[in-house]
Amino acid sequence: MVAREGILFNGADLVVAADKAGLEYGDMGIYHRLVDGKRNQGPIFSVANMLKPGSFNLGNLDALRTPGVSFFMTLPGPLPALDAWDAMLPTAQRLAELLDGLVLDEERNAVGRQCVAHIRDQLRAWDREHEGQG
């Protein structure tokens, strides 16, 4: 999720938006969506700063400026891959709405219906291949 051209997200706005979107600051200095009551299972997905080193320094919010954040999930995770995606996409869209940003794919194209359908197909196939494991 990126800021519009010529704009940077600032730390205070990012922290408020992350909280409103249901993200929690945690391990590695980044944000996570966790399974309620099952934090030991690890994150459903995570959100890192686009700028190296990827973390957010909450101790210096006034200086925090970034052109965007990266949403990612590690598979296998605490939920089936498709369920994790179905939690991640609306969170990215909500964060974009709150910060007036844009949700882009890994090739920096707008995430549209065709892209979402393709990703869902890939994750559905991944879930089928890994059913019963873990």
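The values are calculated or read from the model by the stated rules, or taken from the named source; none is laboratory data. Being a predicted model, the structure only gives us computed values, none of them experimental. Methodologically, a virtual Cβ is constructed for each residue, glycine included, from the backbone with ideal geometry; neighbour enumeration extends over all protein chains shown.
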Collect the residues in the stretch 35-69 that are free of Cβ contacts under 8 Å to residues at least 24 places away in the same chain and in a strand (DSSP E or B), keeping them in residue-number order.
-> Asn49
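Working carefully through the options Arg108, Arg124, find the one that is part of a helix (DSSP H, G or I) and either basic (Lys, Arg) or touching a residue at least 60 places away in the same chain (Cβ under 8 Å) (or both).
Arg124
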Apart from one, (1) part of a loop (DSSP other than H, G, I, E, B); (2) free of Cβ contacts under 8 Å to residues at least 12 places away in the same chain all hold for Pro90; the odd one out is (1)
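When only residues in the stretch 50-65 that are hydrophobic (A, V, I, L, M, F, W, C) and closer than 13 Å to Tyr31 by Cα count, which is farthest from the chain's Cα centre (by Cα)? First the steps, then the outcome.
Step one: list which residues in the stretch 50-65 are hydrophobic (A, V, I, L, M, F, W, C), which gives 50-51, 56, 58, 61, 63-64.
Right, trim to closer than 13 Å to Tyr31 by Cα and you get 50, 56, 58.
Numbers: Met50: 11, Phe56: 14, Leu58: 18 Å.
Step by step, filter the stretch 50-65, then rank; the result is Leu58.
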Can you give me the number of residues within the stretch 26-54 that are surrounded by 15 or more Cβ atoms within 10 Å (Cβ to Cβ) and among the polar types (S, T, N, Q)?
-> 2
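Within the stretch 111-121, how many residues turn out to be in a loop (DSSP other than H, G, I, E, B) and either hydroxyl-bearing (Ser, Thr, Tyr) or surrounded by 12 or more Cβ atoms within 10 Å (Cβ to Cβ) (or both)?
Just the residues of the stretch 111-121 that are in a loop (DSSP other than H, G, I, E, B), to begin with: 111-112.
Right, trim to either hydroxyl-bearing (Ser, Thr, Tyr) or surrounded by 12 or more Cβ atoms within 10 Å (Cβ to Cβ) (or both) and you get 111.
Counting residues in the stretch 111-121 that are in a loop (DSSP other than H, G, I, E, B) and either hydroxyl-bearing (Ser, Thr, Tyr) or surrounded by 12 or more Cβ atoms within 10 Å (Cβ to Cβ) (or both) gives 1.
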Taking Arg94 as the residue in question, decide whether it is at pLDDT 95 or above, of a type in the set (Lys, Arg), surrounded by 15 or more Cβ atoms within 10 Å (Cβ to Cβ) and closer than 27 Å to His130 by Cβ.
-> no
